[in-house]
Every structure is written in structure tokens, then in C-alpha cells.
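Undergrad: Before anything else, here's the structure in question.
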Amino acid sequence: MTSSSLSSRFGRLLILPDPDAATAAAARLIAQTIRNDARAVLGLATGRTMEGVYARLAAMHRDEALSFSGVTTFNLDEYVGLSASDPNSYHHYMRTHLFDPVDADPARVHLPDGAAADPGAECAAYERAIRAAGGIALQLLGIGDTGHIGFNEPPSAFDTRTRVVELDEATRRQNAPMFGGDPEAVPREAITMGVGTILESKRLLLLATGPAKAAILAAALEGPVTPEVSASAIRLHPDVTVVLDTDAAAALSPAFKARATVAD
Ligand code: GLP
């Protein structure tokens, strides 16, 4: 399959003028999913990019009565060795940015347990819980410097499931600011949904902003579809929305932008 026939499969590529507009568009898509189905199952992501999305959703909860009380959530990943109360854990991130500010039901929110005594069993249980909930309706995705979605570092086969992965040095550098600036302070391993797990979601929503994401996004969206860039796997999915700001979209070819923008 050529890169052009793959890229023409995109449902939508939205390019907004700045990060604020891009995060607002992503938040609107999530809110729409909840308004269409108050018991929606959402796949959630972490990272600095998503903070604006969660701030918008929290504002919609406050100002527009958007309720999360019936929503079930599954996060993509968690650091191995960090307990839910650790301030650097993704559990803590999610409580701070979304779950506490809205009316999330603690019984319906799920993240992998990075402190599980048996991480293998934890991964298998996570997969079972996603299936038991009926699968993920909308999975939010960011992209890391290595091209990862979740923590699927290169190479990650497209049929991988939730598992323990070793974090790339580049990822530990990227996430060091959240750990006081020292890459060595970033855990060496994480539990992540696999690429195969992510591809089973009914709909994917990838959000990226800022110039630092431009090169890896061009590789993911226009380069080869390869386990070396796990985000390229989204091109195999039939229902994908990619939301970018102009800086993140800067390295995409004009032809790709034009075709994808009018595709839906
Ligand atoms: C972490 C997460 C990824 C996320 C990435 C991007 O590595 N595991 O799911 O996409 O951060 O982070 P940021 O938004 O801070 O650039």
C-alpha cells in the first residue's frame, strides 16, 4: 500500500491556528462522545499536551453540565514502580487534571497499576477490563518524541497488547521536566496498552501541538507504516481524527494537508 492511499483513509485532519484552538477542538470531540452516550467508554492519555484538553472538559463540566458520572475511562499507561499516590504517577496526573475537577465515578476510572506485585497479571487484567466494558469508543492519543503512542517505544509490533515496556532514553529525557529535570529520575519501565489494544478502539483521536512534534508527525503520517514509529499504526485504523496546530503540522507536505483536510 502506498503512503498516499493510506493517508487518504483519514477521516479527518484538523489543523488549527494555535495549541489553544487545537486542544479545544479535541475537547469538543470528547464532549460530543459523552453527550451522545452518557455511558461512553473513553481511552485517555497523559502528557503536557493533554492538560489543556482536560482543563476545557473541566470547564464544560462546570459551565455546561457535562457529566462524567456514567463515563468509563481507561488510561493508556503508567510508570512501573510508582504508586497511585506518587505525584509523578499518571494516576495523580489524571486526578489533578480531570477526575477531581469533574464528577468522575472512581469505580469507572481505570489506569494500569504501576505498583502491582505481578505486572504481567496486571496487564492481562487490564485487557480483560477493557473487553468487559465493551471496548473503547474513543481513544485519545498524544505522540512522543520517539513516535510512541501510549508508551509503545520502537519497535512495537502492531499486534502488541498491554504489557511492560522499557522506556527509551529519548522518552526519559522528554519526560524529565516532570521529574525535576533529571532523566535518571524517570522510571525505566512502564505498563502500556499495546498498539493492537489501541487499534481495537472504535475511534482514534490524535492530538499534537507545537514545533517539537512536527518532524515525528510527518514521519508518522507520511513515512512508512512501521513498528519503528508506533503512531504510524493509526493509518491502519478506519476512523481516525488527527488534530494539530499549525506548528505541529509544519513538516507535512502541502498535498497531504490539502487531501486530508477535505477528506471528510
Ligand atoms: C508520554 C505519554 C504519551 C504522550 C507523551 C507526549 O510519553 N506516555 O502517551 O503522548 O507523553 O507528551 P507531551 O504531551 O508532554 O509532549
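Undergrad: What single numbered condition from (1) in a loop (DSSP other than H, G, I, E, B); (2) touching a residue at least 40 places away in the same chain (Cβ under 8 Å) fails to hold for Ala220?
TA: Checking Ala220 against (1) in a loop (DSSP other than H, G, I, E, B); (2) touching a residue at least 40 places away in the same chain (Cβ under 8 Å), the one that fails is (1).
Undergrad: State whether the residues of the stretch 193-203 include one that is open to solvent by less than 50 Å² (accessible area, probe 1.4 Å), in contact (Cβ under 8 Å) with a residue 24 or more places away in the chain and among the basic types (Lys, Arg).
TA: No: zero hits.
Undergrad: Okay, moving on. Quick one: which residue in Pro101, Pro154, Pro112, Pro119 is open to solvent by 10 Å² or more (accessible area, probe 1.4 Å), touching a residue at least 24 places away in the same chain (Cβ under 8 Å) and closer than 25 Å to Ile216 by Cβ?
TA: Pro154 is the lone residue from the list that is open to solvent by 10 Å² or more (accessible area, probe 1.4 Å), touching a residue at least 24 places away in the same chain (Cβ under 8 Å) and closer than 25 Å to Ile216 by Cβ.
Undergrad: Consider the stretch 49-66. How many of its residues are within 15 Å of the ligand (Cβ to nearest atom) and more than 25 Å from Gly150 (Cβ to Cβ)?
TA: 0
Undergrad: Another question about this same structure. From the list Arg35, Arg12, pick out the single residue that is open to solvent by 40 Å² or more (accessible area, probe 1.4 Å) and either more than 23 Å from Ile143 (Cα to Cα) or modelled with pLDDT of 95 or more (or both).
TA: Result of the check over Arg35, Arg12: Arg35.
Undergrad: Which of the numbered conditions does Ala124 fail, given that it passes all the others? Conditions: (1) surrounded by 20 or more Cβ atoms within 10 Å (Cβ to Cβ); (2) more than 15 Å from the ligand (Cβ to nearest atom); (3) among the hydrophobic types (A, V, I, L, M, F, W, C); (4) without any contact (Cβ under 8 Å) to a residue 60 or more places away in the chain.
TA: All conditions pass for Ala124, except number (1).
Undergrad: Considering only the stretch 140-172, how many residues are within 11 Å of the ligand (Cβ to nearest atom), outside any loop (DSSP other than H, G, I, E, B) and of a type outside the set (Val, Ile, Thr)?
TA: Summing the residues that are within 11 Å of the ligand (Cβ to nearest atom), outside any loop (DSSP other than H, G, I, E, B) and of a type outside the set (Val, Ile, Thr) in the stretch 140-172 gives 4.
Undergrad: Another question about this same structure. Taking the condition of being hydroxyl-bearing (Ser, Thr, Tyr) and closer than 24 Å to Ala58 by Cα, how many residues in the stretch 99-136 meet it?
TA: Counting residues in the stretch 99-136 that are hydroxyl-bearing (Ser, Thr, Tyr) and closer than 24 Å to Ala58 by Cα gives 0.
Undergrad: Considering only residues that are small (Gly, Ala, Ser) and in a helix (DSSP H, G or I), which ones fall in the stretch 120-139?
TA: Gly120, Ala121, Ala124, Ala125, Ala129, Ala132
Undergrad: Taking the stretch 67-77, which residues are of a type in the set (Val, Ile, Thr) and within 16 Å of the ligand (Cβ to nearest atom)?
TA: The one that is of a type in the set (Val, Ile, Thr) and within 16 Å of the ligand (Cβ to nearest atom): Thr73.
The values are calculated or read from the model by the stated rules, or taken from the named source; none is laboratory data. All figures in this text were calculated on a predicted structure; none of them were measured in a lab. In this analysis, Cβ positions are derived from the backbone assuming ideal geometry, glycine residues included, and neighbour counts consider all displayed protein chains. Note: areas computed on protein heavy atoms with side chains; ligands, DNA, RNA excluded. Shrake-Rupley method; radii C 1.70, N 1.55, O 1.52, S 1.80 Å.
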